[in-house]
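A quick write-up on the structure given underneath.
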Amino acid sequence: MRRLILPLLLLLAACHDGPRAPLPPDRLIRLADDEVKTLDPQKSSDLATIRIAQDQFEGLTRINGLGEAEPGLASGWTVSADGLAWRFPLRPGLRFSDGTPIDAGTFVQVFARLRAPATASPNAALFANIDRIEAEGRTVVVHLR
């Protein structure tokens, strides 16, 4: 066993190229296990591209480490008695990386693009149960079929 450990440690030491300068706070370096096909999250269909999109974009909700839904850009959500209308009030002060404000209308536009024939997502079928999305002030309202 010792014969295997020493060469392995030497190999690992040889791979190390010394100390690195810390990354600036606005940089993300991620090891991709495959070539990323697009940076448009709507066109993401392969695992490598979806993983990069998850690092770049935040949704109304997200799945935590326990597999439970929790608020993302929304501060929470409520569901109508019939289960067909889901209301997501947005957290205050949301902005894109260029400083443009994110409002409820942003989600209406994204959904319209998702369904438009010229820009339809390969993942559009995942949203087939959504009838429409509306903006009510700072709240995104998702109406299910």
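Odds and ends about this structure:
- Boolean, Arg20 is modelled with pLDDT under 70 and assigned to a loop (DSSP other than H, G, I, E, B): yes
- Out of Phe111, Phe96, Phe88, sole residue that is within 19 Å of the chain's Cα centre (by Cα) and open to solvent by 30 Å² or more (accessible area, probe 1.4 Å): Phe96
- Residue within the range 131-138 that is small (Gly, Ala, Ser) and either open to solvent by less than 50 Å² (accessible area, probe 1.4 Å) or touching a residue at least 24 places away in the same chain (Cβ under 8 Å) (or both) present: yes
This table checks each residue for (1) open to solvent by less than 70 Å² (accessible area, probe 1.4 Å); (2) charged (D, E, K, R); (3) over 29 Å from Asp26 (Cβ atoms); (4) modelled with pLDDT under 95.
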{"residue": "Leu47", "(1), (2), (3), (4)": "no, no, no, yes"}
{"residue": "Leu60", "(1), (2), (3), (4)": "yes, no, no, yes"}
{"residue": "Ala81", "(1), (2), (3), (4)": "no, no, yes, no"}
{"residue": "Gly105", "(1), (2), (3), (4)": "yes, no, no, no"}
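- Looking only at the range 121-143, and only at residues there that are small (Gly, Ala, Ser) and more than 26 Å from Asp46 (Cα to Cα), the one that is nearest to the chain's Cα centre (by Cα): Ala135
The values are calculated or read from the model by the stated rules, or taken from the named source; none is laboratory data. These numbers come from a predicted model, not from an experiment. Cβ: placed from backbone, ideal geometry, glycine included. Neighbour counts: every protein chain shown. Ligands, DNA and RNA are stripped out before the accessible areas are found, and what is left, the full protein with its side chains, is counted by its heavy atoms. Shrake-Rupley method; radii C 1.70, N 1.55, O 1.52, S 1.80 Å.
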